[in-house]
1. As a check on your grasp of the helix formula, calculate [θ] at 222 nm for the chain: sum -39500 (n - 2.57) over DSSP H runs of n ≥ 4, divide by the residue count, round to the nearest 500.
2. Where the centroid of each part is defined by its Cα atoms, how far is the range 66-129 from the range 14-41 in Å?
3. Projected onto the charge dipole of the chain (+1 at Lys/Arg Cβ, -1 at Asp/Glu Cβ, origin at the Cα centre), which of 30, 99, 62 gives the Cα projection farthest towards the positive end?
4. Which value, in Å², gives the accessible area per residue of the chain when a 1.4 Å probe is used on the protein heavy atoms?
5. I'd like the antiparallel share, as a percent to the nearest 5, of DSSP beta bridges with both residues in the chain.
6. Is there a pair in 50/115; 15/42; 42/75 whose C-alpha atoms are over 20 Å apart, and which pairs would that be?
7. Give the angle, between 0 and 90 degrees and rounded to the nearest 10, that separates the Cα long axis of helix 32-42 from the longest principal axis of the Cα atoms of the chain.
8. Compute all pairwise cysteine Cβ distances in the chain, then list the cysteines with no distance under 4.7 Å to another cysteine.
Amino acid sequence: DQWLTPPVEGDESVKHGVIVVCSTTGNADAPENADRFVRWMKRKSTEPTKPFQHCAYAVLGLGDTNYDVFCAVGKGIDKRMSELGGTRAMKAACADEATGLEETVEPWVGSVIGKLASVCKGNGVENGTELDEKAKSQVTT
């Protein structure tokens, strides 16, 4: 219930911060510990409540380009959090096991707290945070 109200009463620009790190398993499935959350997000009954309207978020997807669907769960969470009223603090990052996770993870970890904190304090959203067209086409919801 805490997420349903702004952290500072009367100031809609201040947000709660949410960081999501999620892998994609099997055939574009959520891992067991994220499955219930992903199913809740996908419910049509969740959308009218806009549960993330007072949240700024950042998503790091973990995947492997050797599989048909790369980082589907992370991309899906990123897209759905936006649809559910969330404010994207930075473009979703997709780390690839095939090429080395650290190439994406280390820069993301180094910048996520600063960018998220800035948006949570009401300092606006960085340009270019929307998923690019290729990423949008790969999102499965």
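The values are calculated or read from the model by the stated rules, or taken from the named source; none is laboratory data. Just so it is clear, the structure is predicted and the values come from calculations on it, not from any experiment. No Cβ is skipped: glycine too gets one built from the backbone with ideal geometry, and neighbour counts run over all protein chains shown. Note: areas computed on protein heavy atoms with side chains; ligands, DNA, RNA excluded. Shrake-Rupley method; radii C 1.70, N 1.55, O 1.52, S 1.80 Å.
1. On the way: 4 runs with 48 residues, N = 141.
For the chain, the value works out to -10500 deg cm²/dmol.
2. When both Cα centres are located, 12 Å separates them.
3. Final value for the positive-end residue is 30.
4. Details: 8010 Å² over 141 residues.
Computed with neighbouring chains in place, this is 57 Å² per residue.
5. Numbers: 1 of 15 bridges.
Around 5 percent antiparallel, to the nearest 5.
6. Working: 50/115 23 Å; 15/42 22 Å; 42/75 13 Å.
From the list (50/115; 15/42; 42/75), the Cα-Cα distance tops 20 Å for 50/115; 15/42.
7. Helix 32-42 sits roughly 60 degrees off the main axis of the chain.
8. 22, 55, 120
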